[in-house]
Amino acid sequence: MSPEEVFLKLVHGVADRDFAALPQLYAEHTDVRHPMNPYGDRPLLSRDALREHFGGVGPRVTEEVRFQPDRIRVHHTADPEVIVAEFEYAGTVVATGEPFRVPAIFVLRVRDGLIVESRDYIDHVAMIRARGQVDRLVAHLTEPAGAPAAS
């Protein structure tokens, strides 16, 4: 698969809640980061770490919101392994039906059809707001430095 095809499988798989299949899009040893995560960027460096991530975070998020990727634009780079993808997750809050949009940019390196590196720049605050978890974020941000981060 091309980098663009892998990206599309990834964002549609997240939206379709196909969490068991998502880790197979990644190399056994990978480097996935979320640099803008207000809870802290915890690198995901293996397929097993991604399996745990998708199996834990994914179901919690999809209990609260439903979304699909929208406004996708994929930019190809001089390096055939690397793409930059701009998109939004457009959805609704399950409890209220309120619409929301979460902008994102993913920078992916795909080798032999598998993601070997990814930088996922997501508007985490927009997703936190849609999930009704602003109070939890504020509590985290006001904890003393060095306190354990919530996930």
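Of note:
- Subset of the stretch 35-51 that is assigned to a loop (DSSP other than H, G, I, E, B) and either small (G, A, S) or modelled with pLDDT of 95 or more (or both) - its residue that is nearest to V134 (Cα to Cα): G40
- Residue in the stretch 51-58 that is surrounded by 15 or more Cβ atoms within 10 Å (Cβ to Cβ), among the hydrophobic types (A, V, I, L, M, F, W, C), in contact with a strand residue (DSSP E or B) (Cβ under 7 Å, 6 or more places away or on another chain) and at negative phi present: no
- The stretch 34-46, residues that are over 13 Å from the mean Cα position of the chain (by Cα) and open to solvent by less than 40 Å² (accessible area, probe 1.4 Å): P38, Y39, G40, S46
- Condition met for R136 (surrounded by 14 or more Cβ atoms within 10 Å (Cβ to Cβ), at pLDDT below 95 and in contact with a helix residue (DSSP H, G or I) (Cβ under 9 Å, 6 or more places away or on another chain)): no
- Note on the stretch 11-30: residues that are free of Cβ contacts under 8 Å to residues at least 12 places away in the same chain and within 19 Å of A126 (Cα to Cα) amount to 0.
- Residue among R33, R47, R101, R51 that alone is of a type outside the set (V, I, T), without any contact (Cβ under 8 Å) to a residue 60 or more places away in the chain and under 25 Å from V138 (Cα atoms): R101
- Residue count, the stretch 14-33 (criterion: modelled with pLDDT of 95 or more and surrounded by 15 or more Cβ atoms within 10 Å (Cβ to Cβ)): 9
- Checked against (1) out of contact with any Lys or Arg (no Cβ under 6 Å at 6 or more places or on another chain); (2) in contact (Cβ under 8 Å) with a residue 40 or more places away in the chain, T96 meets all criteria but (2).
- Among the residues of the stretch 10-33, those that are more than 13 Å from the chain's Cα centre (by Cα) and either on the phi > 0 side of the Ramachandran plot or in a helix (DSSP H, G or I) (or both) comprise Q24, L25.
The values are calculated or read from the model by the stated rules, or taken from the named source; none is laboratory data. Predicted model, so just to flag it, every value in this text is computed and none were measured. Ideal geometry is used to build each Cβ from the backbone, glycine not excepted, and the neighbour counts take in all protein chains shown. In case anyone asks, the SASA skips ligands and DNA or RNA and just uses the protein heavy atoms, side chains included. Shrake-Rupley method; radii C 1.70, N 1.55, O 1.52, S 1.80 Å.
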